[in-house]
1. Return P(r) of the chain (all Cα-Cα pairs; 20 Å bins starting at 0; whole %; ordered from short to long distances).
2. Which angle between 0 and 90 degrees, to the nearest 10, do you get for helix 399-408 versus the longest principal axis of the chain when only C-alpha atoms count?
3. Please compute one quarter of the surface area of the Cα convex hull for the range 306-395 and express it in square nanometres.
4. With angles folded into 0 to 90 degrees, how steeply does helix 225-235 sit against the dominant principal axis of the chain? Use alpha carbons for both and round to 10.
5. Rank the residues PHE306, PHE260 as a footprinting-exposure proxy: fewest other Cβ atoms within 10 Å of their Cβ go first.
6. Taking a 24 Å limit on the Cα-Cα distance, which of the listed pairs LYS65/LYS115; LYS223/LYS388; LYS65/LYS174; LYS27/LYS57; LYS160/LYS201; LYS174/LYS258 fall beyond it?
7. What percent does the relative contact order of the range 10-276 come to when contacts are Cα pairs within less than 8 Å and at least six residues apart?
8. Rg and Dmax of the range 2-129 over Cα atoms: what are they, in angstrom?
Amino acid sequence: MATGKLAGYTLFITGASRGIGKAIGLKAAKDGANVVIAAKTADPHPKLPGTIYTAAKEIEDAGGKCLPCIVDVRDESTVEKAVNEAVRTFGGIDILVNNASAISLTGTQITPMKKYDLMNQVNTRGTYLCSKVCIPHLLESKRQGKTPQILNISPPLSMKPMWFKNHTAYTIAKYGMSMCVLGMAAEFENEGIAVNALWPKTAILTAAMEMLGGKDVSNQCRKPEIMADAAYAILKQDKFVTGKFLIDDEVLTKEGVKDFDQYAVQPGSPLILDFFLEDNEADFKDEINRAKERSNQSGGAVLEIFKNIENALSTELVAQTKGIFKFEVKGDGDSVETWILDLKNGGGKVTKGDGDSDVTMKLAAADFVSMFQGKLNSTAAFMQGKLKIDGNMMLAMKLEQLMKTMQKAKL
């Protein structure tokens, strides 16, 4: 798909030391573009791969020129310094990709204000700040006869409650990026700056996704390259298009791409659908209806699974988990069964009935059975609204590994 149309263009990409941001930089580099990596990771992180310097080497090896800059998008001074350095190095900035983002999929009562502030400062304020500082240079790019653009990695705006109810703080912060598209596209349309958003149809395998779902979720994701190819298709176009909320596979379908298995981590595996998309809402509701149809057959299976869990308990499992899970399993009508799985004390214990817990997981009986039988990924269940989590989110992330251990015990 490389066309050379970005040769000589300078892209300022936030959060580009890894994941989607780096993939977009690598794609542009193949055209001979200049890439400014604006990210925080200067030293190797114990849990996350890559730094601004390792990413810069990859971009230069791919054929581009690269300027790695240590930038915290919350800090106006570091953003201004990086933009000024980019202009001195490459002569200007033609494209801004607002990719940096923070995420915490937690409910209102368990989201600390520190986490709320982080998401809003990185997502909304960071996008607004980087755009504000880059726009004078984008206007200059237009005067030089180029096609300046801002591309935010953010979703279409939907006011459906289902996209808010389990993670209101995150949705507010992410939608702030999208509202920047809505407002700035109209504000700068007559001055020739295109402002658009790009969002994935499915989950993308990034460090954030692995933190949410563990490495076991990877086979149900697509690779960051699908977003990079879609971003390239948007950024290379000659026609002026602005104010659009675009979806990766729809963009690529229009480009003539037919083989989407090339982007799958595990071709043929079912994919986790991403948040915020109206089409995905219909898919979610269809699956919920199917789950309801199965629920009448699941009551006895729930009891059987807890019996098998009890048989699989061990001091080793307790030592690995160190937490107490509460499951509120919804059956027929309004009936709810509560179970406590203690993996913190002694050799572990299963109890039917209410009690104290570190994390509470609420779901339908059919989905509970599917999860513990390995037919439904817990991260997918959470993202699709089938699983609600209250309490210690980090502990909840251990559920996938816990279920694998249980499945080995022939649940």
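FYI, it's all coordinate maths here, none of it is from the lab. Source: prediction; values computed, not measured. Using ideal geometry, Cβ is built from the backbone for each residue, glycine included, and neighbour counts are taken over all protein chains shown.
1. The calculated distribution, bin by bin, is 26, 51, 21, 2.
2. With rounding to tens, the tilt is 50 degrees.
3. Details: hull surface 23.2 nm².
With the hull built on Cα positions only, its mean projection is 5.8 nm².
4. 30
5. Ordered by Cβ neighbours within 10 Å, fewest first: PHE260, PHE306.
6. Working: LYS65/LYS115 35 Å; LYS223/LYS388 27 Å; LYS65/LYS174 30 Å; LYS27/LYS57 14 Å; LYS160/LYS201 17 Å; LYS174/LYS258 30 Å.
Among LYS65/LYS115; LYS223/LYS388; LYS65/LYS174; LYS27/LYS57; LYS160/LYS201; LYS174/LYS258, the Cα-Cα distance tops 24 Å for LYS65/LYS115; LYS223/LYS388; LYS65/LYS174; LYS174/LYS258.
7. Here the relative contact order equals 18 percent.
8. 15.2, 50
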